[in-house]
Amino acid sequence: MGSPTEAGRFGEFGGRYVPESLVPACAALEAAFRQAWADPAFHQQLSRLRTEYAGRPTALTPALNLSADLGVTLLLKREDLAHTGSHKINNVLGQALLAQRMGKTRLIAETGAGQHGVATATAAALFGMRATVYMGERDIERQRLNVFRMELLGAEVIPVTSGSRTLKDATNEAMRAWVAAVDDAHFCLGSVGGPHPYPWLVRELQRVIGEEARAQTPTVPDVVVACVGGGSNAAGTFAGFVDTDARLIGVEAAGGAAMTNGSPGVVHGYRSMVLQDADGQVLEAESIAAGLDYPGIGPEHAHLGTTGRAEYRTVDDAEVLAAVVRLARSEGIICALESAHAVAWVLRAAGTPDLPTGSTVLLTLSGRGDKDMAALAGEIR
Amino acid sequence: MKQLNPYLTGGITPDWTDYLLAYQEAGADAVEIGLPFSDPMMDGATIQQASDQALRRGVTIDSILADLVAVRAHVRIPLIAMTYANLVFRDGPETFCRRLAGAGISGLIVPDVPVDEAGRLEAAATAAGIDLILLAAPVTAPDRLAEIGRRSRGFVYAVSVMDTTGERDALAATAAPLARRLREVTELPVLIGFGISTPGQAAAAARAGDGVVIASALMRRVLEGASPDDLRAEVAGFRAALDQVDQEMPVARAHPEVSGYRR
Ligand SMILES: Cc1ncc(COP(=O)(O)O)c(C=O)c1O
């Protein structure tokens with residue numbers, strides 16, 4: 001997974017479909033990223049933050065009991081153990097450093113599950129910046145704990161009441177806010193979508209997941225699997241294995257499966273696969289996992305999918321709930337509803353031609369489930 | 001002559017083309033027809049609401065274009081479509097532009113297609129006889145401004161403010177400097193839009209540029225239930241303010257390209 005074209009394209013996907021008002025800000029971010037990425041001092045700073053602050057490298061845990069049950073070797077890359085409880089911190093620490101280099105004093109973010117919002121609020125606290133987080137009203141209801149965490153960290157959480165009142169609309173609102181604040185605010189986008197350079201920048205910042213995992217696995221696994229909302233934990237994981245023979249599998253929510261059920265379109269500044277109607281009106285996704293409840297997918301995934309290098313599967317809400325319980329009771333790990341999508345696919349596929357007995361599977365467990373306790377309490381007895 | 005381009009969300013009410021004809025009677029030079037999109041990221045609350053209201057009514061691109069065809073015999077001024085990239089690229093920009101042209105639309109504004117992404121759409125628009133109107137912003141650097149001026153057709157849209165659409169208390173301080181910079185790099189008329197809310201603000205903008213686009217101030221009235229007659233009066237107020245500016249200022253320069261929008 002290398003650099004996109006100069007126009008920010010991965011094959012036919014990507015690009016920079018933003019209003020003229022945002023073009024200079026995107027170009028400035030691209031320039032700052034190119035410069036920082038070539039600067040050893042930047043990597044040193046980032047690397048220190050990762051080890052001293054975020055708790056990296058995260059563990060690779062063999063899921064011994066599940067492996068025995070399923071007849072596969074299941075290895076869990078434990079992003080749930082990273083500070084703030086998910087992989088989102090990897091991206092945010094890098095972007096906050098970039099924001100600081102660019103002289104920005106404020107971070108604007110969108111969030112679905114609230115994990116990216118919490119990570120942004122955390123970095124803002126650490127770097128002495130202001131954070132404004134846009135979150136759909138519906139997500140505020142179902143991820144209350146994370147709203148409280150953001151507020152405790154000093155961030156302002158702004159409820160978004162338009163459209164489906166979820167991540168899609170929070171992203172619109174964050175981009176609108178950015179237009180009015182480009183001088184002093186950095187738009188800290190949470191996944192591998194958005195206008196160039198975000199899909200590339202966020203994947204590079206998440207690459208640490210895949211690189212660590214590659215070093216932690218004695219041999220290259222047969223299958224590498226991760227859940228896909230916008231696709232950042234999957235992209236970061238895949239980046240460590242794309243040059244191997246490992247099969248790469250992204251798991252979408254059945255109700256938000258842009259890659260599986262979508263068609264090419266342009267939303268939130270990039271061209272990719274999108275759930276939409278015949279006119280191009282974007283459809284509302286529907287998933288129990290707020291972080292995957294999104295009608296688009298990062299452009300590089302659309303490229304990996306159409307070229308066949310990665311494959312995409314879907315699991316439904318019921319399978320996801322069952323997967324949370326199964327992982328909790330067999331391994332003592334309570335994962336996020338988002339991450340449970342990857343687990344659910346392994347549970348379903350193990351022993352079938354899609355995942356034959358004896359396979360070795362690396363699964364990125366993108367986050368921990370604390371945020372979902374209230375939602376789960378109603379679903380699970 | 002200062003140009004007045006009022007905006008109307010296509011399909012906002014069942015009788016929405018009555019507003020279009022009212023705008024025309026009130027002295028509009030062209031009308032911008034919004035083709036509503038589910039995720040209008042450059043629009044503030046008013047146009048978002050207007051788009052949602054139209055979409056909830058079940059309007060489609062086809063239904064809006066059919067409504068336009070139905071009143072075509074009564075429309076004497078140019079119609080300009082304003083919409084977002086996803087609608088334009090859904091079936092390819094070639095098909096999209098041909099559909100617009102078939103309904104008598106002669107201009108197109110797509111705020112989330114900046115000049116760098118405009119190549120294929122530009123060619124498609126030209127082939128269909130549609131003017132692709134490009135937007136410039138207060139933060140646009142001089143070299144980009146020149147390119148926008150060179151590649152835009154019909155007029156150049158000066159986005160007055162670093163913000164989304166929406167009414168404001170005063171014309172943004174960034175409006176006049178941008179219009180002035182644009183007029184140095186293009187012979188095309190420079191129309192100022194975004195946030196122009198009152199006839200007084202329109203006059204101030206028209207002194208710096210060649211005309212104005214009025215959107216949220218009108219759509220708020222429509223959302224509040226104002227009638228086509230009410231909107232005729234509203235647009236006439238803007239017309240009078242611009243005509244007043246024309247009287248103060250002798251025509252500073254001729255605009256041969258503008259003829260398409262000023263029959
Ligand atoms: C724990 C967790 N995993 C996954 C995601 C989905 O994001 P992405 O696909 O970018 O990894 C989220 C987003 O909120 C999340 O909180």
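The values are calculated or read from the model by the stated rules, or taken from the named source; none is laboratory data. From a predicted model like this one, the values you see are computed outputs, not experimental measurements. Neighbour counts are summed over all protein chains in view; Cβ atoms, including those assigned to glycine, are modelled from backbone coordinates with ideal geometry.
Please go through segment A:238-261 and give me each residue that is crowded, with 24+ Cβ neighbours inside 10 Å and part of a helix (DSSP H, G or I), ordered by number. Once the filter is applied, which keeps residues that are crowded, with 24+ Cβ neighbours inside 10 Å and part of a helix (DSSP H, G or I), segment A:238-261 yields A:F238, A:G256, A:A258, A:M259.
Regarding segment A:104-124, can at least one residue be identified that is more than 14 Å from the ligand (Cβ to nearest atom), in contact with a Ser or Thr (Cβ under 9 Å, 6 or more places away or on another chain) and modelled with pLDDT under 95? Scanning segment A:104-124, I find no residue that is more than 14 Å from the ligand (Cβ to nearest atom), in contact with a Ser or Thr (Cβ under 9 Å, 6 or more places away or on another chain) and modelled with pLDDT under 95, so the answer is no.
Looking for something farther than 17 Å from B:M42 by Cβ, free of Cβ contacts under 8 Å to residues at least 40 places away in the same chain and assigned to a loop (DSSP other than H, G, I, E, B) - is there at least one such residue anywhere in segment B:198-215? Looking for residues that are farther than 17 Å from B:M42 by Cβ, free of Cβ contacts under 8 Å to residues at least 40 places away in the same chain and assigned to a loop (DSSP other than H, G, I, E, B), one finds at least one in segment B:198-215, hence yes. The test for being within 14 Å of chain B (Cβ to nearest Cβ) and either among the small types (G, A, S) or in contact with a helix residue (DSSP H, G or I) (Cβ under 8 Å, 6 or more places away or on another chain) (or both) holds for A:Y17.
Identification of helices (runs of 4 or more DSSP H) wholly contained in segment A:56-155 with 2 or more residues that are more than 30 Å from A:L347 (Cα to Cα) and charged (D, E, K, R) yields A:144-152. If only residues of segment A:175-194 that are more than 12 Å from the chain's Cα centre (by Cα) and within 16 Å of the ligand (Cβ to nearest atom) are counted, the one that is surrounded by the fewest Cβ atoms within 10 Å (Cβ to Cβ) is A:F187. Answer yes if at least one residue in segment A:53-63 is among the aliphatic types (A, V, I, L, M), in contact with a His (Cβ under 9 Å, 6 or more places away or on another chain) and touching a residue at least 60 places away in the same chain (Cβ under 8 Å), and no otherwise. No, that holds for no residue. Residue count for segment A:162-187 satisfying the condition of being among the small types (G, A, S) and away from chain B (no Cβ under 11 Å): 2. Residues of segment A:329-367 that are buried (at least 20 other Cβ atoms within 10 Å of the Cβ) and part of a strand (DSSP E or B): A:C335, A:A350, A:L355, A:V361, A:L362, A:L363, A:T364, A:L365, A:G367. Identify the residue in segment A:262-303 that is free of Cβ contacts under 8 Å to residues at least 12 places away in the same chain and either of a type in the set (V, I, T) or more than 7 Å from chain B (Cβ to nearest Cβ) (or both) and, among all such residues, is nearest to the ligand (Cβ to nearest atom). Across segment A:262-303, the extreme among qualifying residues is A:D277.
Taking the numbered list (1) within 11 Å of chain A (Cβ to nearest Cβ); (2) outside any helix (DSSP H, G or I); (3) closer than 30 Å to A:D183 by Cα in turn, B:V59 passes all entries but (3).
Going by what's in this entry, would A:R326 be described as crowded, with 24+ Cβ neighbours inside 10 Å, away from the ligand (no atom under 14 Å from the Cβ), in the same structural domain as A:A350 (by TED's automatic domain parsing) and charged (D, E, K, R)? So A:R326 fails the test. A:L97 satisfies every condition listed in (1) touching a residue at least 60 places away in the same chain (Cβ under 8 Å); (2) not assigned by TED's automatic domain parsing to the domain that holds A:L145 except (2). Evaluation of A:S272 against the conditions (1) outside any loop (DSSP other than H, G, I, E, B); (2) within 15 Å of the chain's Cα centre (by Cα) shows that the sole unmet condition is (2).
Restricting B:A22, B:A50 to those that are within 14 Å of another protein chain (Cβ to nearest Cβ), over 15 Å from the mean Cα position of the chain (by Cα) and crowded, with 20+ Cβ neighbours inside 10 Å reduces the list to B:A50. Mind checking whether some residue in segment B:163-176 is outside any loop (DSSP other than H, G, I, E, B) and either surrounded by 24 or more Cβ atoms within 10 Å (Cβ to Cβ) or within 11 Å of chain A (Cβ to nearest Cβ) (or both)? Within segment B:163-176, one or more residues are outside any loop (DSSP other than H, G, I, E, B) and either surrounded by 24 or more Cβ atoms within 10 Å (Cβ to Cβ) or within 11 Å of chain A (Cβ to nearest Cβ) (or both).
On the basis of being at positive phi and either in contact (Cβ under 8 Å) with a residue 24 or more places away in the chain or within 11 Å of chain B (Cβ to nearest Cβ) (or both), does A:G190 make the cut? Answer is no for this residue.
Answer yes if at least one residue in segment A:102-121 is outside the structural domain of A:L292 (by TED's automatic domain parsing), acidic (D, E) and touching an Asp or Glu at 6+ places or on another chain (Cβ under 8 Å), and no otherwise. There is at least one residue in segment A:102-121 that is outside the structural domain of A:L292 (by TED's automatic domain parsing), acidic (D, E) and touching an Asp or Glu at 6+ places or on another chain (Cβ under 8 Å). Of all the listed residues (A:R48, A:R34, A:R9, A:R16), the sole one being away from the ligand (no atom under 16 Å from the Cβ), among the basic types (K, R) and crowded, with 24+ Cβ neighbours inside 10 Å is A:R16.
Within segment B:25-47, being at the interface with chain A (Cβ under 9 Å from one of its Cβ atoms) and in a helix (DSSP H, G or I) holds for one residue alone: B:A45. Residues in segment B:132-143 that are buried (at least 21 other Cβ atoms within 10 Å of the Cβ) and outside any loop (DSSP other than H, G, I, E, B): B:L132, B:L135, B:A136. Restricting attention to segment B:77-128 and to residues that are of a type in the set (K, R) and within 14 Å of chain A (Cβ to nearest Cβ), the residue that is nearest to B:L4 (Cα to Cα) turns out to be B:R99. For B:N86, the criteria (1) part of a helix (DSSP H, G or I); (2) without any contact (Cβ under 8 Å) to a residue 40 or more places away in the chain; (3) under 18 Å from B:L35 (Cβ atoms) hold in every case but one, which is (2). Go through the residues of segment A:63-78 one by one and say whether even a single one is away from the ligand (no atom under 16 Å from the Cβ), in the same structural domain as A:S162 (by TED's automatic domain parsing) and not polar (S, T, N, Q). Within segment A:63-78, none of the residues are away from the ligand (no atom under 16 Å from the Cβ), in the same structural domain as A:S162 (by TED's automatic domain parsing) and not polar (S, T, N, Q).
Results for (1) of a type outside the set (A, V, I, L, M); (2) touching a strand residue (DSSP E or B) at 6+ places or on another chain (Cβ under 6 Å); (3) touching a residue at least 24 places away in the same chain (Cβ under 8 Å), shown as yes or no for each residue.
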position: B:D116; (1), (2), (3): yes, no, no
position: B:G119; (1), (2), (3): yes, no, no
position: B:A124; (1), (2), (3): no, no, yes
position: B:A127; (1), (2), (3): no, no, yes
position: B:I130; (1), (2), (3): no, yes, yes
position: B:P138; (1), (2), (3): yes, no, yes
position: B:D143; (1), (2), (3): yes, no, no
position: B:I148; (1), (2), (3): no, yes, yes
position: B:S152; (1), (2), (3): yes, no, yes
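Only one entry of A:A235, A:A226 meets the criterion of being in a helix (DSSP H, G or I), within 8 Å of the ligand (Cβ to nearest atom) and under 18 Å from A:G367 (Cα atoms), and that entry is A:A235.
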